[in-house]
Amino acid sequence: MLLLTCPNCGVTAEETEFAPGGEAHLKRAGPGCPDDAFESYMFARANPRGVHFERWRHAYGCGKWFHAARCTITLEVFATYAAQTPEPPAEVLATIRARRPDWEPRS
């Protein structure tokens, strides 16, 4: 079971207190974009084996959204951070690299 810490209210709890929201840091397809770009935005999601960045909502707490960096193999949570962050913060990437020296972010 995952233990997540909400960066908004500071509560650490089991994943059952939170609601998953899918992949984090998606580039939104705007009005007038080509159909294939919109289709990709709506339906294509990464499902990596290893480090993944996800959106979560503290459903039974403060109700706010946040991002989490975790490993899909071991369920290790590297960090949680504000949902308003457009890309993973440098300190989160450093934490991941410290625990997984061979890891490289996807492009």
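The values are calculated or read from the model by the stated rules, or taken from the named source; none is laboratory data. Fair warning: this is a prediction, and the values are worked out from it, not measured in the lab. Neighbour counts are summed over all protein chains in view; Cβ atoms, including those assigned to glycine, are modelled from backbone coordinates with ideal geometry. Just the protein is used for accessible areas: all its heavy atoms, side chains included, with ligands, DNA and RNA removed. Shrake-Rupley method; radii C 1.70, N 1.55, O 1.52, S 1.80 Å.
Mind telling me which of the residues Pro88, Pro31, Pro101, Pro105 ends up being part of a loop (DSSP other than H, G, I, E, B) and closer than 24 Å to Met1 by Cα? That would be Pro88, the only listed residue that is part of a loop (DSSP other than H, G, I, E, B) and closer than 24 Å to Met1 by Cα.
Restricting attention to region 12-27, does a residue exist that is touching a Lys or Arg at 6+ places or on another chain (Cβ under 9 Å), modelled with pLDDT of 95 or more and outside any loop (DSSP other than H, G, I, E, B)? Checked region 12-27: at least one residue is touching a Lys or Arg at 6+ places or on another chain (Cβ under 9 Å), modelled with pLDDT of 95 or more and outside any loop (DSSP other than H, G, I, E, B). Against the numbered list (1) at pLDDT 95 or above; (2) open to solvent by less than 50 Å² (accessible area, probe 1.4 Å); (3) of a type in the set (A, V, I, L, M, F, W, C), Ala94 comes up short only at (2). Residues that are modelled with pLDDT of 95 or more and among the basic types (Lys, Arg) were ranked within region 43-69; the one that is nearest to the chain's Cα centre (by Cα) is Arg55. Test Tyr81 against the criterion of being more than 16 Å from Arg106 (Cβ to Cβ), among the hydroxyl-bearing types (Ser, Thr, Tyr) and out of contact with any strand residue (DSSP E or B) (no Cβ under 9 Å at 6 or more places or on another chain), and give yes or no. Criteria not met by Tyr81.
Cβ contacts < 6 Å: first residue among the aliphatic types (A, V, I, L, M), restricted to region 1-25; second residue part of a loop (DSSP other than H, G, I, E, B) and exposed (fewer than 15 other Cβ atoms within 10 Å of the Cβ), any location; separation 6+ or different chain. Result? Pairs that qualify, where the first residue is among the aliphatic types (A, V, I, L, M) and the partner is part of a loop (DSSP other than H, G, I, E, B) and exposed (fewer than 15 other Cβ atoms within 10 Å of the Cβ), are Leu2/Leu75; Ala19/Ala59. Can you tell me which residue in region 1-30 is most open to solvent (accessible area, probe 1.4 Å), limited to those that are charged (D, E, K, R) and within 22 Å of Ile73 (Cα to Cα)? Ranking the candidates gives Glu14 first. Residues that are touching a His at 6+ places or on another chain (Cβ under 9 Å), assigned to a strand (DSSP E or B) and open to solvent by 40 Å² or more (accessible area, probe 1.4 Å) within region 44-81 comprise Arg55, Trp65, listed in sequence order.
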